[in-house]
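Taking it in order: structure first as structure tokens, then the write-up.
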Amino acid sequence: MDIKKEHWSPLLLDWFAAHGRDLPWRDETPRDPYKVWVSEIMLQQTKVETVRPYYDSWMDHFPTISALAAASQDEVLRQWQGLGYYSRARHLHQAVQEVQAKYGGHVPENKKDVQSLKGVGDYTAGAILSLAYGQKEPAVDGNVLRIFARLYDIEENILSTPVKKKVTALVAEQLPDEAPGAFNEALMDLGAMICIPKHPRCPYCPLQELCLAHRAGKECELPIRLVKKKSPVEDITVVVVRKGKQWLVHRRPPTGLLASMWEFPNAQGKGEEGLHAVGQLLAQKGLTLAADDQSIGSLKSVFSHKTWQMTIYEGRITQGKLEEEEDWQWIDCKAYASLPWAGPHGKITAMV
């Protein structure tokens, strides 16, 4: 069989029927487009085993589009806390509110309208339309790019636009009329279980005999990806400011990294420089900070484009009174769980 000439989807679908993963967002027939949508957004940049408990909790709190649309942003971010890449949650919330207002709570069934929703790209749109509505739409993510680079021996950068277009066309050629959603999910599972990065498990692959990279002994060399530049490391000084049984917290700006989430007072810098910078920040609020000389610990938080190396101190206000505003507040230490914390700041609560 020549992979470039044959329709090999039956081989993959047979394997999927026997070995497909049992996942909570696959437990309904027909599939709920809202649940498909939520699961695919959660699975971006995040492993399945990490997502499982978050998905279950999310559906307990927001079982329908109308429930999510009616929730506050703080409620949404609190449920997302720990998954990272918080813009995903904000975009999902905004898009669901649009679906509720514009489409009566029904996820659109055409590609143009689905892709117009905030945070929904080609892949997510393809997943929703094929899995929930049975439409012949490719769903091409990193797993699929890796599989097809090996199957068709594509010796080009898989992150380039031309290669993505080529792979999307190849997927479209293989999509079966009767089960396009199952085919897309079979590719997801093959990429997660068999055709994994670096060392694929070729002996267990239903497409092994067809794979051009395997025939040429290049399955460990493909795919080709451009090497990412090393992300910069930023030193961040954090001061947990306590007043009796209260902590001083700050809400981050409504746009940008960890937007609208809560954090302890912090500033760039290390050691005396960092403590001085935090002191200057609080001085702008009319507060005088006295911070301890010795840190109570450190944290490292890795984002897609930078890394925070955080040093944590404790401190207190010796002069001044906070004029409470929306972005700066004293909170009861026991109420910390009610806040959507900005990434690693939630972990700091366990250190003090």
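Computed across the chain, the Kirkwood hydrodynamic radius from all distinct Cα-Cα pairs reaches 22.9 Å. Shown here is the pair-distance distribution of region 233-349: with all Cα-Cα distances grouped in 10 Å bins from zero up to the longest one, the shares run 14, 49, 34, 3 percent. For region 3-216, with all protein chains in place and a probe radius of 1.4 Å, 49% of the accessible heavy-atom surface sits on carbon or sulfur.
Backbone amide hydrogens, once placed in the peptide plane, bring Ile224 within less than 5 Å of Glu156, Ile158, excluding anything fewer than 5 places away on its chain.
Rounded if a/c is under 1.5, else prolate if a/b beats b/c, else oblate: with a ≥ b ≥ c from the C-alpha gyration tensor eigenvalues square-rooted, which is region 137-230? It comes out oblate by the Cα gyration axes. Stretched out straight at 0.36 nm per residue, the stretch from Arg26 to Ala70 would grow longer than its current Cα-Cα span by 13.3 nm. Adding -39500 (n - 2.57) for every DSSP H run of four residues or longer, then dividing by how many residues the chain holds, sets the calculated 222 nm ellipticity at -12000 deg cm²/dmol. The angle between the Cα long axis of helix 9-19 and the main principal axis of the chain comes to about 60°, on a 0 to 90 degree scale.
Largest mean-square fluctuation among Pro253, Pro138, Pro108, in a Gaussian network model of the chain whose springs join Cα atoms under 10 Å apart, belongs to Pro253.
Partner lysines whose Cα lies under 18 Å from the Cα of Lys136, excluding those fewer than 8 positions away in the same chain, are identified as Lys111, Lys112, Lys164, Lys165, Lys166. In the chain, the longest principal axis of the Cα atoms and the axis of helix 271-283 are about 70 degrees apart.
Leaving ligands, DNA and RNA out of it, rank Thr124, Thr255, Thr288, Thr29 by accessible area with a 1.4 Å probe, largest first. Show your work: numbers first, answer last.
Numbers: Thr124 5, Thr255 105, Thr288 60, Thr29 140 Å².
Descending accessible area places them as Thr29, Thr255, Thr288, Thr124.
If the segment from Lys300 to Arg225 were pulled out straight at 0.36 nm per residue, it would be longer than the present Cα-Cα gap by 24.3 nm. Its relative contact order, with pairs defined as Cα atoms under 8 Å and 6+ residues apart, puts the chain at 15 percent. Note on region 296-352: percent of Cα-Cα distances in each 10 Å bin, starting at 0 and stopping at the bin with the largest distance, equals 16, 43, 35, 5. Helix 142-151: angle to the longest alpha-carbon principal axis of the chain, degrees 0 to 90, nearest 10? It works out to around 30 degrees.
Relative to the present Cα-Cα distance, how much length would full extension add between Glu155 and Ile331 at 0.36 nm per residue of separation? Don't jump to the answer; show the numbers that get you there.
Values: separation 176, 0.36 × 176 = 63.36 nm, distance 5.57 nm.
So the extension gain works out to 57.8 nm.
Taking every DSSP beta bridge that has both residues in the chain, what percent is antiparallel when rounded to the nearest 5?
Numbers: 23 of 34 bridges.
Around 70 percent antiparallel, to the nearest 5.
In the elastic network of the chain, a GNM with C-alpha springs shorter than 10 Å, the most mobile of Gly256, Gly142, Gly105 is Gly256. For Tyr313, the residues 5 or more places off, or on other chains, whose built amide H falls under 5 Å of its own are Val238, Val239, Val240, Ile296.
Taking only protein heavy atoms and a 1.4 Å probe, what accessible area per residue, in Å², does the chain have with all protein chains in place? It would help to have the intermediate numbers written out before the result.
Working: 17600 Å² over 352 residues.
Accessible area per residue: 50 Å².
The values are calculated or read from the model by the stated rules, or taken from the named source; none is laboratory data. Just so it is clear, the model here is predicted, and its values are computed rather than measured. Accessible surface is based on the protein model in full, side chains and every heavy atom, while ligands, DNA and RNA are left aside. Shrake-Rupley method; radii C 1.70, N 1.55, O 1.52, S 1.80 Å.
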